[in-house]
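S.K.: Structure provided below as structure tokens; questions to follow.
The values are calculated or read from the model by the stated rules, or taken from the named source; none is laboratory data. These numbers were taken from a predicted model, which means no experiment stands behind them. We place every Cβ from the backbone using ideal geometry, glycine too, and count neighbours over all the protein chains shown. When the accessible area is computed, the model is the full protein with side chains, heavy atoms only, and any ligands, DNA or RNA have been set aside. Shrake-Rupley method; radii C 1.70, N 1.55, O 1.52, S 1.80 Å.
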Amino acid sequence: MSFLTTAKDFSQLVSKYFVLWVVIAVVLSFLSPETFVWIGEYVSLLLGVVMLGMGLTLTTDDFKRILERPRDVLLAAAAQWLIMPTAAYALVLALSLPAEIGIGLIILGAAPGGTASNVYTYLGKGDVALSVTVTSMTTLAAPIVMPAWVILFAGEQIQVTFAEMFQEIVFIVVVPVVLGLTLRRILDRYAPTAAKAGLTVFPAVSVLAIVAIVAAVVGANVENLLTASVIVLFAVVLHNVIGLSAGYGTGYVFGMAADRSRACSFEVGMQNSALAVAIATGFFSPLASLVPALAVVLHQLTGPALASYFSSRDDEPIDETTKPAQSVSD
């Protein structure tokens with residue numbers, strides 16, 4: 001058996017049981033938080049690794065699609081940029097959430113789409129090309145969009161500036177993505193075997209990085225998790241449901257094909273919660289990272305459930321798309 005075959009099998013195993021690894025990490029973090037708390041110092045680095053993996057899966061063709069289908073791309077991106085932050089703020093007000101919990105929800109709502117949306121779009125027979133393009137677009141715009149919403153909705157409660165958040169997001173998101181994209185082009189041209197190996201291995205690396213981030217956040221928030229009210233969990237679930245529903249509704253209202261509406265649903269409803277964890281941990285108290293940490297787990301439950309529902313609806317016409325890299329990391 002070749003190395004690539006073994007690596008591919010291992011990567012698929014790790015990715016397939018992602019939720020199981022997250023659950024195990026959560027349980028172990030509760031039982032022995034001190035074992036994982038130290039990882040918190042490396043959350044930004046771990047997220048950078050995840051973003052590098054995302055960059056490796058991208059090609060210039062993904063960005064050319066923006067010019068080929070600007071309407072649907074811009075609609076899905078605009079829905080993600082507008083619906084989730086405003087929904088988060090509305091929930092903070094409606095549920096009278098504590099200040100730091102509220103900040104965590106706003107950070108989550110302002111985060112770009114996560115790469116898990118690409119995989120669940122594929123599993124739900126959605127338009128994967130649209131999903132990948134929107135994820136790329138919202139991720140590269142995150143240094144501007146994300147701090148803008150956080151400052152607007154939580155400015156009076158925070159000390160961090162727009163410039164500080166902008167710089168941090170550039171370093172842990174944009175730079176690794178661009179580096180991964182560049183590396184992919186070089187490897188495709190001069191070392192295609194190495195490129196194939198990287199695409200085979202990195203999904204598992206990304207999954208393990210996300211699991212480590214979850215373990216670190218849970219370990220640092222054991223007491224907060226134990227005392228968290230049901231209202232906090234309700235806020236996270238409702239925020240996710242609003243996003244998934246409003247995303248599909250956006251596609252439906254604007255006359256998108258069924259597969260594109262499905263992609264829009266996942267793009268709007270599933271944020272890069274790992275990035276939200278990193279920003280909340282880096283600029284605020286551990287309590288602020290509680291909401292995005294819960295979202296990391298929740299998204300891996302609602303995503304497959306909705307994908308299964310979509311894929312079972314055989315009466316809807318579905319366009320053929322290209323299978324994405326099998327990574328379910330946020």
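S.K.: Could you say which residue among Ala154, Ala111, Ala87 is open to solvent by less than 50 Å² (accessible area, probe 1.4 Å) and closer than 23 Å to Val49 by Cβ?
M.R.: After applying the criteria, what remains is Ala111.
S.K.: Give the number of residues within the stretch 57-98 that are in contact (Cβ under 8 Å) with a residue 60 or more places away in the chain, within 24 Å of Leu183 (Cβ to Cβ) and not aliphatic (A, V, I, L, M).
M.R.: 6
S.K.: Are any residues in the stretch 159-182 among the small types (Gly, Ala, Ser) and in contact (Cβ under 8 Å) with a residue 60 or more places away in the chain, and if so, which ones?
M.R.: Gly180
S.K.: Quick check: is even one residue across the stretch 224-236 of a type outside the set (A, V, I, L, M, F, W, C), crowded, with 24+ Cβ neighbours inside 10 Å and assigned to a helix (DSSP H, G or I)?
M.R.: no
S.K.: Report whether or not Arg262 is more than 16 Å from Gly104 (Cα to Cα), in contact (Cβ under 8 Å) with a residue 24 or more places away in the chain, open to solvent by less than 20 Å² (accessible area, probe 1.4 Å) and not hydrophobic (A, V, I, L, M, F, W, C).
M.R.: yes
S.K.: Could you please give the count of residues in the stretch 268-309 that are more than 17 Å from Glu100 (Cβ to Cβ), in contact (Cβ under 8 Å) with a residue 24 or more places away in the chain and open to solvent by 10 Å² or more (accessible area, probe 1.4 Å)?
M.R.: Of the residues in that region, 8 qualify.
S.K.: Within the stretch 70-84, take every residue that is in contact with a helix residue (DSSP H, G or I) (Cβ under 7 Å, 6 or more places away or on another chain) and of a type outside the set (Gly, Ala, Ser) and give me the one that is surrounded by the most Cβ atoms within 10 Å (Cβ to Cβ).
M.R.: The qualifying residue surrounded by the most Cβ atoms within 10 Å (Cβ to Cβ) is Gln80.
S.K.: Could you name every one of the helices (runs of 4 or more DSSP H) located completely within the stretch 253-330 that has at least 1 residues being under 23 Å from Ala87 (Cβ atoms), at pLDDT 85 or above and of a type in the set (Asp, Glu)?
M.R.: Filter on the stretch 253-330 gives 258-269.
S.K.: A further question on this structure: Please tell me if Val205 is of a type in the set (Val, Ile, Thr), over 17 Å from Leu298 (Cβ atoms) and within 19 Å of the chain's Cα centre (by Cα).
M.R.: For Val205, the condition - of a type in the set (Val, Ile, Thr), over 17 Å from Leu298 (Cβ atoms) and within 19 Å of the chain's Cα centre (by Cα) - is met.
Conditions (1) among the charged types (D, E, K, R); (2) modelled with pLDDT under 85; (3) not in a helix (DSSP H, G or I), marked per residue:
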{"residue": "Leu97", "(1), (2), (3)": "no, no, yes"}
{"residue": "Ile103", "(1), (2), (3)": "no, no, no"}
{"residue": "Val119", "(1), (2), (3)": "no, yes, no"}
{"residue": "Ser131", "(1), (2), (3)": "no, no, no"}
{"residue": "Leu140", "(1), (2), (3)": "no, no, no"}
{"residue": "Ile144", "(1), (2), (3)": "no, no, no"}
{"residue": "Gln159", "(1), (2), (3)": "no, yes, yes"}
{"residue": "Phe171", "(1), (2), (3)": "no, no, no"}
{"residue": "Thr182", "(1), (2), (3)": "no, no, no"}
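S.K.: From Ala209, Ala195, Ala163, grab the single residue that is assigned to a helix (DSSP H, G or I), modelled with pLDDT of 85 or more and open to solvent by less than 50 Å² (accessible area, probe 1.4 Å).
M.R.: Residue meeting the stated conditions: Ala209.
S.K.: Which condition from (1) without any contact (Cβ under 8 Å) to a residue 24 or more places away in the chain; (2) under 20 Å from Ala305 (Cα atoms) is the one that Thr227 breaks?
M.R.: Failed condition: (2).
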